[in-house]
Amino acid sequence: MTDIPLTPRPSTAQPVTPPPSAVPVTVRRGLGDDAAQGNFWQQIGGRPTFEKLVRRFYEGVRTDEVLWPMYPEGDLEGAIQRLTGFLEQYWGGPTTYSQERGHPRLRMRHMPFRVTPEARDHWLQHMRVAADELELAPLDDAMLWGYLDRAAQAMVNTFER
């Protein structure tokens, strides 16, 4: 057995240079940066995937008696683009949402609406249908769904019917 000294290397020592084949590992640093496990936005297909998710979601919302009154019928395309932009930015895509609208401030933006547990459940039902149609790999689906579920829970702002 060899003893390994636990003293720091002298400051005159040359830094260790990684081999040319070494790939640096990074952690999520902020908006649009890649995570250590890769960029989720790119991994699942980028904007087309998120737009498919959101458009399918809104197909369900349009027929929902609880949710539809909360959405501006005359600006449905605007709502689609805002949600798509927010989700793709959150998952590592372009930061267009924040550039155009500032910080997401989700709770504040949803305060004008009565988001009850019933509304949350309807939102999650339509989003589950949309997410299922993406046919993501199980781990990717779990990652996406975990966030959507937590976000929906956080938007509830009243328990009054």
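The values are calculated or read from the model by the stated rules, or taken from the named source; none is laboratory data. Predicted model, so just to flag it, every value in this text is computed and none were measured. We place every Cβ from the backbone using ideal geometry, glycine too, and count neighbours over all the protein chains shown. The area values use the complete protein model at the heavy-atom level, side chains included, leaving out ligands, DNA and RNA. Shrake-Rupley method; radii C 1.70, N 1.55, O 1.52, S 1.80 Å.
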Taking the stretch 111-132 and keeping residues at pLDDT below 95 and either aromatic (Phe, Trp, Tyr) or at positive phi (or both) leaves Phe113
Please count how many residues of the stretch 72-112 are without any contact (Cβ under 8 Å) to a residue 12 or more places away in the chain and of a type outside the set (A, V, I, L, M).
14
Conditions (1) in contact (Cβ under 8 Å) with a residue 12 or more places away in the chain; (2) surrounded by fewer than 16 Cβ atoms within 10 Å (Cβ to Cβ); (3) more than 17 Å from Gly46 (Cα to Cα); (4) within 13 Å of the chain's Cα centre (by Cα) -> Arg150 fails only (1)
With (1) open to solvent by 40 Å² or more (accessible area, probe 1.4 Å); (2) among the acidic types (Asp, Glu); (3) within 17 Å of the chain's Cα centre (by Cα) as the list, and Asp141 as the residue in question, which single condition is left unmet?
(1)
Could you tell me whether any residue of the stretch 117-131 is closer than 12 Å to Met155 by Cα and outside any helix (DSSP H, G or I)?
no
If you scan the stretch 61-106, which residues turn out to be acidic (Asp, Glu), surrounded by 15 or more Cβ atoms within 10 Å (Cβ to Cβ) and under 22 Å from His122 (Cβ atoms)?
Asp64
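So, Asp121, is that one more than 19 Å from Phe40 (Cα to Cα) and in contact with a helix residue (DSSP H, G or I) (Cβ under 7 Å, 6 or more places away or on another chain) or not? Spell out how you get there, then give the answer.
Values: more than 19 Å from Phe40 (Cα to Cα): yes; in contact with a helix residue (DSSP H, G or I) (Cβ under 7 Å, 6 or more places away or on another chain): no.
No.
Taking the stated definitions as given, is Arg82 within 14 Å of the chain's Cα centre (by Cα) and in a helix (DSSP H, G or I)? Break it down into steps so the answer makes sense when it comes.
On the way: within 14 Å of the chain's Cα centre (by Cα): yes; in a helix (DSSP H, G or I): yes.
Considered against the rule, which asks whether it is within 14 Å of the chain's Cα centre (by Cα) and in a helix (DSSP H, G or I), Arg82 comes out as yes.
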